[in-house]
Amino acid sequence: MVKKIALFCLSLILVVVIMPRLTLAQGTSYLESRLSRLEAENYQMRSLITQLDAQVDALQQSGASRRSPTVPSITRTTPSSDPMFDRLATLVVELKQRINKLEAQVAALQKKRS
């Protein structure tokens with residue numbers, strides 16, 4: 001009888017020691033799956049930004065003859081309810097315009113050199 005109680009206590013101690021490790025392993029797999037989902041969303045957002053950048057380039061190329069290059073403009077196809085997204089879009093357009101100006105200046109300097 002004493003052996004049974006001792007065996008029961010020993011098994012109870014083992015269960016108490018092993019259970020947190022099993023729960024930790026389950027938590028780790030949950031975090032890994034969540035990280036994988038976040039990486040997939042990050043990839044999708046990067047591709048969307050690339051597509052938007054290409055659309056901005058196309059709009060700038062088509063509208064370059066009609067607009068002054070110093071006036072920033074944003075063309076939206078869908079309304080956004082997030083002001084941070086609007087600000088980001090504005091910054092992207094302004095950055096692209098600055099890059100275009102710098103590329104034109106570099107081209108002019110290269111022509112002067114040659």
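Among the candidates ILE13, ILE18, which residue alone is open to solvent by 80 Å² or more (accessible area, probe 1.4 Å) and at pLDDT below 75?
ILE18
Return the residues of region 46-103 that are over 23 Å from the mean Cα position of the chain (by Cα), at pLDDT 60 or above and polar (S, T, N, Q); say none if nothing qualifies.
GLN60, GLN61, SER62, ASN100, listed by residue number.
The values are calculated or read from the model by the stated rules, or taken from the named source; none is laboratory data. For clarity, every value in this text was computed on a predicted model and none was experimentally measured. Remember, those area values only see protein heavy atoms, side chains included, never the ligands or the DNA or RNA. Shrake-Rupley method; radii C 1.70, N 1.55, O 1.52, S 1.80 Å.
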